[in-house]
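The block underneath contains the structure these notes are about, expressed in structure tokens.
Where a number appears in this text, it was derived from the coordinates with a stated rule and is not lab data. Only a predicted model underlies this, so the values are computations on that prediction, with no experimental measurement involved. Cβ placement follows ideal geometry from the backbone for every residue including glycine, while neighbour counts extend to all protein chains displayed.
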């Protein structure tokens, strides 16, 4: 990452990178694709983000539940907040967001056609991250002359079971369980090109009220994602994104299902500024190889407003 003369121009070009720290690609948990998740930014800057995401396609079900041929669509409004903080001299971020979603679709239940149309809040997510190599905590003035080389960071994301949930339904907006997602990320800059790699593992508590009072357990899901990010100039950047995830076999009342995941998704992201304080991000992704039915399509956008930290 190159230094840019002038404090406003420097932040204008670089602070957009934090946008994806608090806006997921979709409400899809292990399948999220997040370029620039471990980027640097001046301490004290705040971000308020509103967005929209649309998904359409297949969804995986537990074999113990007689639901087949499901085709579902979701439309989600997202709102999030993030702040860049100083963590013992290193750059850290705290963020939180919550989606409001409408889910519609059709499936076969015990061989009979059924429909689902529900709307409400999904599970909120909270995240803390810190870049412990190559990303010192900087003021706005110090940030003007900073250049990225290697960045190594870690994060923990927590999802709380507060979303809309009905134990008489198989498909819900909330999950009725906690999830914990530690992450480790590495980023290397080569001038205008930045390459990133992130490894994650998602752990889940049991849902003890799954589909008429049964207990649903799930093994951890392991995921890896890679990004090639190119800085176009004037605060604009574009990214080619990919993620692979595996694991996640479920059990119903102790009986294991044959639903382990080994799936690939590819996508792209484009971010551009509207002014010093506002920027827009467009994103899309597609499931291209799926052992289980996670071959949905996704498109969306997010609008970000930033303030503080000397802006």
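Evaluate the Kirkwood expression for the hydrodynamic radius of segment 162-311, namely the inverse of the mean inverse distance over all pairs of different C-alpha atoms, and round to one decimal in Å.
Over segment 162-311, the inverse of the mean reciprocal pair distance is 18.1 Å.
Normalising by the residue count of segment 7-307, find the relative contact order in percent from Cα pairs under 8 Å and 6+ residues apart.
Relative contact order, segment 7-307: 18 percent.
In which sequence would 281, 188, 93 go, from the one with the fewest C-beta neighbours within 10 Å to the one with the most?
Ascending number of Cβ neighbours within 10 Å: 188, 281, 93.
Which length gain, in nm to one decimal place, applies between residue 188 and residue 77 when the Cα-Cα distance is subtracted from 0.36 nm times their residue separation?
Result for the pair: 36.7 nm of gain on full extension.
Suppose R0 equals 51 Å; then what is the FRET efficiency for residue 112 and residue 272 from their Cβ-Cβ distance, rounded to the nearest 0.05?
Efficiency, from the Cβ-Cβ distance: 0.60.
Using only alpha carbon pairs under 8 Å that are at least six residues apart, calculate the relative contact order of segment 115-158 and give it in whole percent.
53 percent
Using the alpha carbon gyration tensor of segment 210-283, what are the three equivalent-ellipsoid semi-axes (square root of 5 times each eigenvalue), largest first, in whole Å?
Its equivalent ellipsoid spans semi-axes of 40, 16, 7 Å.
Taking just the alpha carbons, could you work out the radius of gyration and Dmax for segment 7-307, both in angstroms?
19.5, 65
Between residue 104 and residue 299, what is 0.36 nm times their sequence separation minus the Cα-Cα distance? Round to one decimal in nm.
Between residue 104 and residue 299, full extension yields 68.5 nm more.
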